[in-house]
Amino acid sequence: MNLDSTRRGPTALSSSAMATDLTAPAPNAGVGGSVGLAILRLGIGAAALQAGLIKALDFSTTVGFMADAGWRLPGLAAFMVTAAETLGGIGLLLGALTPLAACAVLSAMLCAWAVNVSAGAFWSEPFNLPFLIGVGAAALLFAGAGRFSVDAGPLARITWSMPVRLGLVGLAVIAAVVTWAALYGVNPIHLTTPSS
């Protein structure tokens, strides 16, 4: 590869091309990469939105479920997870503020994953649906929304640096751990099935 920026054509490489912008899709990724991101966004966003709407449309049952499970302040806990799943799901579906939406979904899915693995030995079923939705949200947090999104149109001026994206992952983990510890207070990770 020729690094001489005075040459034109396929071998020329300008100094601006040498700087890596980790906040934007690769320029050579083409439409296929953006279609893939749109498919991932739609799948993860729809799953999160469905989970949030189920809770929102029967909020008293959600609060009751959390109270029966032993959550402290079950109304607050139910509101937090419902808001994170619903607003995060909408954000991912639209591709609007995608890293922030993905952060909300990731945090909610970390808590949901902990609920699912807390009843048995951690290794008995660690790769459940919340785990997979959380992995998808984390991928979108780093990859961005792609061309077919609100982020690529009206919100294109907002950039998300790698330190900000890493901070959002940290925020999601901290929010999930603090929520779990403060409102539930049970260690979800067991190497053997907990005794009743």
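Things worth noting here:
- Any hit, region 158-174, residues being of a type in the set (Ser, Thr, Tyr), assigned to a loop (DSSP other than H, G, I, E, B) and surrounded by fewer than 18 Cβ atoms within 10 Å (Cβ to Cβ): yes
- First in region 53-64 and touching a residue at least 40 places away in the same chain (Cβ under 8 Å) and at negative phi, second anywhere and surrounded by 13 or more Cβ atoms within 10 Å (Cβ to Cβ) and not aromatic (Phe, Trp, Tyr), Cβ under 7 Å, 6 or more apart: none
- Scanning region 82-141 for residues that are without any contact (Cβ under 8 Å) to a residue 24 or more places away in the chain, under 19 Å from Val177 (Cα atoms) and not in a helix (DSSP H, G or I) returns Pro126, Phe127, Asn128.
- Residue within region 130-150 that is exposed (fewer than 14 other Cβ atoms within 10 Å of the Cβ) and charged (D, E, K, R) present: no
Any read-out appearing in this document is the output of simple, stated calculations on the displayed coordinates, not a laboratory observation. Everything numeric in this text was worked out from a predicted model, so none of it was measured. When we count neighbours, we look across all protein chains shown, and the Cβ atoms used for this are built from the backbone with ideal geometry, even at glycine.
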